[in-house]
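This report concerns only the one structure given below.
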Amino acid sequence: MKAIITGMNGTVAPYVYMELENRNIEIIIWDRSRVDTDSQKSVSDFIRKVQPDLFFHIATGPVKWLDFIAKATKELGVKLLFTSSVSVFSEKGSGPYDPESVPDAEEDYGRYKIACEETARTWNPDSIILRLGWQIGSEKGSNHMVDFLAKAQKENGFIEASSRWFPSCSFLEDTAGVIAQAALTYMPGTYLVNSNRKYSFFEIAEFLKKKHHAHWNIRETDSFERDDRMVDPRVEMPELF
Ligand SMILES: NC(=O)c1ccc[n+]([C@@H]2O[C@H](COP(=O)([O-])OP(=O)(O)OC[C@H]3O[C@@H](n4cnc5c(N)ncnc54)[C@H](OP(=O)(O)O)[C@@H]3O)[C@@H](O)[C@H]2O)c1
């Protein structure tokens with residue numbers, strides 16, 4: 001079995017790569033310095049040449065790129081998996097969210113992810129769309145919660161963490177497992193991927209501090225209150241801890 005993956009210079013894709021490798025799937029990386037993303041011809045030619053079974057669009061990047069990918073994968077019969085985000089739900093609202101919850105983001109990033117989802121669904125109705133929560137990893141300078149906490153500590157000398165905010169989040173290894181499993185076995189549709197059943201951001205930050213033996217000065221606050229947890233019984237996600 002063969003797969004194309006985008007976004008390999010990012011945070012999530014390298015974990016998906018490792019997961020696919022463990023499942024003996026051959027992986028071709030989309031190198032944007034060698035393959036253009038801005039024309040239907042270039043995108044279709046590349047996918048036709050590689051002849052993958054699966055396409056993992058993990059990169060961010062223009063909606064138009066996804067438009068080209070969705071059309072090409074539909075035409076060539078390639079299964080498309082797209083990683084969306086809990087950010088499709090407005091920061092002004094509150095969850096918990098389930099598969100029936102309607103995206104309502106007003107923020108730029110959330111509106112961008114909604115546009116991506118709609119593009120994937122319109123041009124490749126067989127797409128699998130996974131809305132991810134905040135990722136938890138360990139590498140420095142990467143797009144995940146531990147790096148955010150370390151930066152906040154470095155910049156302010158302390159970290160403010162609310163005990164009334166319940167984020168959606170998951171460890172990168174667990175997310176990658178579900179991404180691979182979804183591409184191989186899920187029916188087309190939109191799924192919510194979250195490991196946090198019950199913990200506040202304050203509790204999660206305290207746990208990660210211990211796990212990483214970090215010298216973080218975490219200050220509990222209750223000024224920020226929101227429930228961003230996503231719940232989807234179709235997704236087998238390990239609990240956070
Ligand atoms: N990290 C999280 O906490 C989180 C949470 C929820 C959802 N997600 C979703 O998961 C996916 C991966 O996130 P990530 O954290 O890995 O993102 P990231 O670390 O910011 O990496 C995104 C990658 O996308 C590619 N890219 C960036 N700008 C681009 C552009 N203008 N045009 C084309 N490609 C561009 C780059 O990869 P190349 O240079 O290899 O092409 C980049 O490394 C995204 O869809 C994101 O919305 C992530």
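The values are calculated or read from the model by the stated rules, or taken from the named source; none is laboratory data. As the structure is a prediction and not an experimental result, all values here were calculated from the model. A quick note on method: Cβ atoms are made from the backbone with ideal geometry, for glycine too, and the neighbour counts reach across all protein chains shown. These area figures cover heavy atoms from the full protein model, side chains too; ligands, DNA and RNA do not enter into them. Shrake-Rupley method; radii C 1.70, N 1.55, O 1.52, S 1.80 Å.
Quick look at the values:
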| read-out | value |
| --- | --- |
| In region 74-90, the residues that are in contact (Cβ under 8 Å) with a residue 40 or more places away in the chain, farther than 11 Å from Ser44 by Cα, more than 10 Å from the ligand (Cβ to nearest atom) and open to solvent by 20 Å² or more (accessible area, probe 1.4 Å) | Lys79 |
| Qualifying residue in region 27-40 (condition: part of a helix (DSSP H, G or I) and either of a type in the set (Asp, Glu) or within 22 Å of the chain's Cα centre (by Cα) (or both)) | no |
| Exclusive hit being surrounded by fewer than 20 Cβ atoms within 10 Å (Cβ to Cβ), within 16 Å of the ligand (Cβ to nearest atom) and either at negative phi or under 13 Å from the mean Cα position of the chain (by Cα) (or both), set Lys113, Lys154, Lys140, Lys71 | Lys140 |
| Whichever residue in region 94-109 is over 25 Å from Ala183 (Cα atoms) and without any contact (Cβ under 8 Å) to a residue 24 or more places away in the chain and, among such residues, is least open to solvent (accessible area, probe 1.4 Å) | Ala105 |
| Top-ranked residue in region 42-68 [being part of a helix (DSSP H, G or I) and not hydrophobic (A, V, I, L, M, F, W, C); ranked as surrounded by the most Cβ atoms within 10 Å (Cβ to Cβ)] | Asp67 |
